[in-house]
Amino acid sequence: MENKLLKVNIQKELKEFDLDVSFELKSRSLGILGPSGCGKSMTLKSIAGIVDPDKGIVSLSAGEETVFFDSDKKINIKPQKRNVGYLFQNYALFPNMTVEENVACGLPKDDKKTVSEMIERFHLNGLEKRYPRQLSGGQQQRVALARILAYGPDVILLDEPFSAMDTFLKEQLRIKIQERFRLQGLPVVRTFPELKSLMTIISNHWIGELFSKYPKRFHLTSLTSE
Amino acid sequence: MTTDWSPVFISMKTASLSIFITFFVGLFVAWGLVKLKNDSIKIVLDGIFTLPLVLPPTVVGFFLLWIFGVRGPIGKFFIDFFTVKIAFSWSATVIAAVVMSFPLMYRSARGAFEQVDSNLLDAGRTLGMSEWKIFWKILFANALPGIISGGILAYARGLGEFGATAMLAGNIAGETRTLPMAVYSEVAAGNMGEAFNYVIVIVIIAFIAIFIMDYISIRKEKQWK
């Protein structure tokens, strides 16, 4: 299994403060925590290419290095080409598509196998023909995760995950996701809204140190896991 | 005296072709404007595209005549190169209807697009969907009820177009005399009975159109809920 290395070093001027984040992540999970509005989502969006930082570099190595963003070299790859799985805070499921169609939307038309595989893996059997509005919050989140993993991303970004789910499933799914990501050797960056949930969730894979000088600066320094 | 039914066919032809043009042009102009990041350009363009809605139709007709008339830049071009006269021909009724109904379509579509959660579009992007696919499958599909109601309004506006049509296309029987024109002509000539026939037809067409489009949008919406 090849190791993947995600390098992030970005600066962006925001209304209330300047965002300044840098870390390196090697096929492991990294948690970013802090109060809302401290730049967590902004950091993830910069990695995914939804938001452009003012300055800096974002790159991913999987064998060879792919530069996603480089302000000096004027490189800015489209989000479509970054192959990043992004779980939105509100899951961003397409309300006009069924569960099945949501999971299939990033795949080639004839790839039915991956869809049924993901439906199975995320306990969505029987819900294939439902629309997102007809699902509970926890079910919606599982659909969103199934959709991301079906696409086979190189990096996973989870924006404040696991807040809406019931505890039992939360625990089960957490283990499942971790196993799955570990098998694929994927770097995972996730955000956590508060310290309370942090202690239970990141304890078994948290490595590194984090500095948050909110509100002036949000700063993560040279985090290398392993 | 038997009623001359040509205004019915002329109106149907004009309204159908003009809603076809207005629908797609309005849709893509709205999309372009939603994507536009520069606010001052946005405001200027929005002003231009909305103008026909707030100006008196005869003023819009005046401008159209100025552009498409025999001495106007586009009118002259068509005469010189294609020997086609636009003003006071059937195509002029279509141009007038398109320009007058355009703001309704454009504004409705734009409002409907802006209601769609931008996270959905970003989700589509991170999932590798092309911008074209995102437009149709996500933006258009989720804005559909608003787009359809814009289409209804634009269609009704095109069907009822009078002022600008009178200026640019005139009132030539069998050629540019649409239903609203025919109603006016008959009333002016004192034939209230004839005018009444046209009025009935136009009310029925308008009602059917609204019924069909409403039916589609209600069914579509129910499906996801």
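Only the coordinates and a few stated rules stand behind these numbers; no lab work does. Computed from a prediction, not measured in an experiment: that's the story for all the values here. When we count neighbours, we look across all protein chains shown, and the Cβ atoms used for this are built from the backbone with ideal geometry, even at glycine.
Between B:VAL70 and B:ILE204, the simple label model (points 7 Å from Cα in the Cβ direction) yields a spacing of 4.0 nm. Within the stretch B:147-169, name every residue whose backbone N is under 15 Å away from a label modeled 7 Å from Cα of B:VAL54 along the Cβ vector. Under 15 Å, as judged by backbone N against the label point of B:VAL54, lies no residue of the stretch B:147-169. For the set B:LYS13/B:LYS35; A:LYS4/A:LYS74; A:LYS26/B:LYS35; A:LYS55/A:LYS112; A:LYS74/B:LYS133, the pairs lying more than 30 angstrom apart at their alpha carbons are B:LYS13/B:LYS35; A:LYS26/B:LYS35; A:LYS55/A:LYS112. Between A:GLU16 and B:LYS13, the distance separating the two model label sites (each 7 Å from Cα on the Cα→Cβ line) works out to 6.3 nm. Holding the Cα-Cα limit at 32 Å, pick out from A:LYS45/A:LYS73; B:LYS42/B:LYS85; A:LYS40/A:LYS81; A:LYS81/A:LYS129 the pairs that are longer than that. In this structure, B:LYS42/B:LYS85 exceed 32 Å between Cα atoms. Packing, taken as the mean count of other beta carbons within 10 Å per residue, orders the peptides B:117-124, B:44-51, B:162-169 from highest to lowest as B:162-169, B:117-124, B:44-51.
Rounded to the nearest 10 degrees, the angle from helix B:192-224 to the longest Cα principal axis of chain B is 10 degrees. Calculated on the Cα set of the stretch B:24-71, radius of gyration then Dmax: 13.4, 39 Å.
So what is the orientation-averaged projected area of the stretch B:1-155, using the convex hull of its C-alpha atoms, in nm²?
Values: hull surface 49.8 nm².
Directional mean of the projected Cα hull area for the stretch B:1-155 stands at 12.4 nm².
For the pair B:VAL25 and B:TRP5 in one chain, pulling the backbone fully straight at 0.36 nm per residue adds 4.1 nm over the alpha carbon distance.
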